[in-house]
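A.B. asks: Here you go, one structure.
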Amino acid sequence: QQQVKQSPQSLIVQKGGIPIINCAYENTAFDYFPWYQQFPGKGPALLIAIRPDVSEKKEGRFTISFNKSAKQFSLHIMDSQPGDSATYFCAASITGNQFYFGTGTSLTVIP
Amino acid sequence: GAGVSQSPRYKVAKRGQDVALRCDPISGHVSLFWYQQALGQGPEFLTYFQNEAQLDKSGLPSDRFFAERPEGSVSTLKIQRTQQEDSAVYLCASSAHPTNKLFFGSGTQLSVL
């Protein structure tokens, strides 16, 4: 059973566009929602994370929007660049326990 | 260290062989996780240590998989009698408890022929 459902599977945008990646979860006990970026041959790297007591968090060009009632959260990448081309994973966890990852979104930013 | 270090980077094993994968976490990190990542998929949880204590091993797919962290630092994931379905990237991650920031290594890519 997939604890975190992620969409779309792949995404292609032009440079400067705003790709949006969505995730949904069921377990209301989750209290930490990170996004990870992974380049080929590398491990995932933490981009940005949010806790359910806020609805939005921005760090540089990356924004998480969080909808607690809908049990959904999304990643927005402002002014996307070719260097942002990577696979993005959402995740969810209960503090101090294992992380559940989505299936990933392969993002391609065309110059 | 500067980051999580995993070795070997690549491992090719014949079916039935035993393999051992090593993880050096960030110095001082209490929590250590092992994940399995199949091609084109997200990481799947295998097991979790807090210091030397293995607190959760519910993700280990069979009794052929065994992990240890005897001194609360370096960890080893051992797979006995490898099967083709064990082929995947094995990721190690560490965090400074009780924060949730996970730092991943680059993984060990295991190919079982």
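A.B. asks: For the range A:86-95, what are the residues that are more than 16 Å from A:P52 (Cβ to Cβ) and of a type outside the set (S, T, N, Q)? Give the derivation first.
C.D. replies: Filtering the range A:86-95 down to residues more than 16 Å from A:P52 (Cβ to Cβ) leaves A:86-89.
The answer is A:A86, A:Y88, A:F89.
A.B. asks: From the residues in the range A:87-111 that are among the aliphatic types (A, V, I, L, M) and open to solvent by 10 Å² or more (accessible area, probe 1.4 Å), which one is modelled with the highest pLDDT?
C.D. replies: Here the answer is A:I110.
A.B. asks: Restricting attention to the range A:50-61, does a residue exist that is within 14 Å of chain B (Cβ to nearest Cβ), within 20 Å of B:S31 (Cβ to Cβ) and outside any strand (DSSP E or B)?
C.D. replies: Yes - at least one qualifying residue is present in the range A:50-61.
A.B. asks: Specify the residue that is least open to solvent (accessible area, probe 1.4 Å); the eligible residues are those in the range B:17-31 that are charged (D, E, K, R) and part of a strand (DSSP E or B).
C.D. replies: B:D24
A.B. asks: Look through the range A:26-35, keep the residues that are away from every other protein chain (no Cβ under 13 Å) and either of a type outside the set (S, T, Y) or touching a residue at least 60 places away in the same chain (Cβ under 8 Å) (or both), and return whichever of them is farthest from B:A88 (Cα to Cα).
C.D. replies: If we take residues in the range A:26-35 being away from every other protein chain (no Cβ under 13 Å) and either of a type outside the set (S, T, Y) or touching a residue at least 60 places away in the same chain (Cβ under 8 Å) (or both), then A:A29 is farthest from B:A88 (Cα to Cα).
A.B. asks: Could I ask something else about it? Going by the conditions given, is B:Q6 within 14 Å of another protein chain (Cβ to nearest Cβ) and either assigned to a loop (DSSP other than H, G, I, E, B) or closer than 19 Å to B:S106 by Cβ (or both)?
C.D. replies: In short, yes.
A.B. asks: Another question, then. Pairs needed: first member in the range B:40-51, in contact (Cβ under 8 Å) with a residue 12 or more places away in the chain and under 17 Å from B:E71 (Cα atoms); second member anywhere, open to solvent by 60 Å² or more (accessible area, probe 1.4 Å) and of a type in the set (K, R); C-beta distance under 6 Å; at least 6 residues apart or different chains.
C.D. replies: Every condition considered, the pairs that remain are B:T47/B:K57.
A.B. asks: Within the set of pairs 6 or more residues apart or between chains, which connect a residue that is within 28 Å of B:S7 (Cβ to Cβ) inside the range A:43-62 to a residue that is basic (K, R) with Cβ atoms less than 8 Å apart?
C.D. replies: A:L46/B:K101
A.B. asks: May I pose another question? Pick from the range B:32-57 the residues that are at the interface with chain A (Cβ under 9 Å from one of its Cβ atoms) and assigned to a loop (DSSP other than H, G, I, E, B): which of them is most open to solvent (accessible area, probe 1.4 Å)?
C.D. replies: Checking each candidate, the answer is B:Q41.
A.B. asks: Next question. Give me the residue from the range A:76-99 that is assigned to a loop (DSSP other than H, G, I, E, B) and more than 23 Å from B:S31 (Cβ to Cβ) and, out of that set, nearest to the other protein chains (Cβ to nearest Cβ). Spell out how you get there, then give the answer.
C.D. replies: Step one: list which residues in the range A:76-99 are assigned to a loop (DSSP other than H, G, I, E, B), which gives A:78-81, A:85, A:94-98.
After this cut, where a residue has to be more than 23 Å from B:S31 (Cβ to Cβ) as well, the list is A:78-81, A:85.
Details: A:M78: 23, A:D79: 25, A:S80: 22, A:Q81: 23, A:S85: 16 Å.
Ranking the qualifying residues of the range A:76-99, first place goes to A:S85.
A.B. asks: For residues that are among the charged types (D, E, K, R) and closer than 19 Å to B:F66 by Cβ, scanning just the range B:85-108, find the one that is least open to solvent (accessible area, probe 1.4 Å).
C.D. replies: That would be B:D86.
A.B. asks: Just one of A:Q9, A:Q72, A:Q14, A:Q38 is at pLDDT 95 or above, within 10 Å of chain B (Cβ to nearest Cβ) and surrounded by fewer than 17 Cβ atoms within 10 Å (Cβ to Cβ); which is it?
C.D. replies: Result of the check over A:Q9, A:Q72, A:Q14, A:Q38: A:Q9.
A.B. asks: Tell me which residues, restricted to the range B:71-84, are modelled with pLDDT of 95 or more and either open to solvent by less than 40 Å² (accessible area, probe 1.4 Å) or not polar (S, T, N, Q) (or both).
C.D. replies: Of everything in the range B:71-84, those that are modelled with pLDDT of 95 or more and either open to solvent by less than 40 Å² (accessible area, probe 1.4 Å) or not polar (S, T, N, Q) (or both) turn out to be B:V74, B:S75, B:T76, B:L77, B:K78, B:I79, B:R81, B:T82.
A.B. asks: Applying the selection to the range B:63-91, what residues are among the acidic types (D, E) and within 16 Å of B:S111 (Cβ to Cβ)? Let's see the steps before the verdict.
C.D. replies: Narrowing the range B:63-91 to residues among the acidic types (D, E): B:63, B:68, B:71, B:85-86.
Scanning the range B:63-91 gives B:E85, B:D86.
A.B. asks: With respect to the numbered conditions (1) assigned to a strand (DSSP E or B); (2) facing chain A (nearest Cβ under 9 Å); (3) open to solvent by 70 Å² or more (accessible area, probe 1.4 Å); (4) not aliphatic (A, V, I, L, M), which one is the sole condition not fulfilled by B:F66?
C.D. replies: B:F66 satisfies every listed condition except (2).
The values are calculated or read from the model by the stated rules, or taken from the named source; none is laboratory data. Every value quoted in this text rests on a predicted model; they were computed, and no experiment measured them. Every residue, glycine among them, receives a Cβ derived from its backbone with ideal geometry; neighbour counts consider all protein chains shown. To get the accessible areas, we keep the full protein, side chains included, count just its heavy atoms, and leave off ligands, DNA and RNA. Shrake-Rupley method; radii C 1.70, N 1.55, O 1.52, S 1.80 Å.
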